[in-house]
Amino acid sequence: MKICGCKVVIDPGHNGIDENGIRDPGAVGASGVEEAEVVQQIAFMLRDILTEQGYEVMLTHEGPSEDVNYLTPRANMANKWGADILISIHANSFGSTEPHGFEVWTTVGQNNSDILADYLYQALEQTGMVGGRPDYTDGDSDKEANFTVIKATWMPSALVELGFISNPAEEQVLASR
């Protein structure tokens with residue numbers, strides 16, 4: 001089922017290279033699984049699925065890149081391309097191994113990003129990958145924060161935390177995708 005007119009930007013979180021040549025792997029699980037690698041592979045899978053369904057899809061990057069180390073340029077890529085939606089993909093982490101589940105984040109307040117977030121939340125529930133961590137305090141499933149990559153876009157945008165890479169069971173699930 002198509003949810004928009006159909007230019008989708010997928011932003012695999014992290015994997016930028018800073019001015020010193022150091023790559024940002026994002027969070028790293030106890031067995032060494034890197035967030036950047038996991039979300040890159042999932043972004044490739046999502047790109048392929050959406051392309052097969054007739055969407056135009058652009059990734060903000062396809063591997064380590066100096067061009068994507070900062071978040072605002074990723075949002076600007078989507079704005080410049082005229083994307084209909086942006087989905088930023090991440091894996092969560094916490095100092096404890098107990099937290100688990102996926103989360104979908106939008107900016108603070110109600111707008112079309114909330115519709116996208118609800119759709120993504122429901123789609124993730126159907127995968128059976130991990131349980132969700134919704135926040136229904138404002139009537140929808142998304143959590144809200146002003147993350148730069150979604151705040152700086154002109155289109156509906158959501159940041160998806162697929163699970164906790166700091167949770168050993170979820171790290172294994174994420175690494176197997």
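Would the stretch 126-177 count as rounded, prolate or oblate if I go by the C-alpha gyration tensor, calling it rounded below 1.5 in a/c and otherwise prolate when a/b exceeds b/c, oblate otherwise?
Details: a/c = 2.38, a/b = 1.63, b/c = 1.46.
It comes out prolate by the Cα gyration axes.
Roughly how many percent of the accessible protein surface of the stretch 74-169 is carbon and sulfur, given a 1.4 Å probe and a whole-percent answer? Present the calculation step by step, with values, prior to reporting the outcome.
Numbers: 2300 of 4340 Å².
That fraction is 53 percent.
Which net charge results for the neighbourhood of T97, defined as the other residues with beta-carbon distances under 13 angstrom from its beta-carbon, given Lys and Arg at +1 and Asp and Glu at -1? If you can, show how the numbers build up before the last one.
Details: positive: none; negative: E98, E170, E171.
Local charge sum for T97: -3.
Would you mind getting the accessible area per residue of the stretch 26-109, heavy atoms of the protein chains only, 1.4 Å probe, in Å²?
Details: 4030 Å² over 84 residues.
Dividing the accessible area of the stretch 26-109 by its residue count gives 48 Å².
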| field | Taking the stretch 1-90 and dividing mean pair separation by its residue count, relative contact order in percent (alpha carbons under 8 Å, at least six apart) | value | 47
| said: Taking a ≥ b ≥ c as the square roots of the Cα gyration tensor eigenvalues, with a/c under 1.5 meaning rounded and otherwise prolate when a/b beats b/c, else oblate, which class fits the stretch 43-114? | reply: rounded
| field | Accessible-area value, W105, 1.4 Å probe, nucleic acids and ligands omitted, Å² | value | 50
| Residue among T148, T107, T127 with the largest mean-square fluctuation in a Gaussian network model of the chain, springs linking Cα atoms under 10 Å | T127
| said: Apply the Karplus curve 6.51 cos²θ - 1.76 cosθ + 1.60, θ = phi - 60°, to the phi angles in the stretch 53-60 and return the couplings in whole Hz, x for Gly and Pro. | reply: 8, x, 7, 8, 10, 10, 8, 5
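On a full-extension model of 0.36 nm per residue, what is the gain between T97 and E125, subtracting their alpha-carbon distance, rounded to one decimal in nm?
On the way: separation 28, 0.36 × 28 = 10.08 nm, distance 2.16 nm.
Length difference between fully extended and current span is 7.9 nm.
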| Which sequence of M45, M77, M155 reflects their accessible areas, 1.4 Å probe, from the largest down? | M45, M77, M155
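Full extension from I22 to W154: what is 0.36 nm times the residue separation minus their Cα-Cα distance, to one decimal in nm?
Working: separation 132, 0.36 × 132 = 47.52 nm, distance 3.03 nm.
The I22-W154 span can extend by a further 44.5 nm.
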| query | Taking θ as phi - 60°, what are the ³J(HN,Hα) couplings along the stretch 73-90 by the Karplus curve (6.51, -1.76, 1.60), each to the nearest whole Hz, with x for Gly and Pro? | reply | x, 5, 5, 5, 4, 5, 4, 5, 6, x, 5, 8, 8, 10, 10, 9, 10, 9
| field | Within-10-Å neighbourhood charge of A83 [Cβ basis; K, R +1; D, E -1] | value | 0
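The values are calculated or read from the model by the stated rules, or taken from the named source; none is laboratory data. Being a predicted model, the structure only gives us computed values, none of them experimental. For neighbour counting, all protein chains shown are included, and Cβ atoms are generated from backbone atoms with ideal geometry for every residue, glycine included. Note: accessible area is taken over every heavy atom of the protein model, side chains too, but ligands, DNA and RNA are not part of it. Shrake-Rupley method; radii C 1.70, N 1.55, O 1.52, S 1.80 Å.
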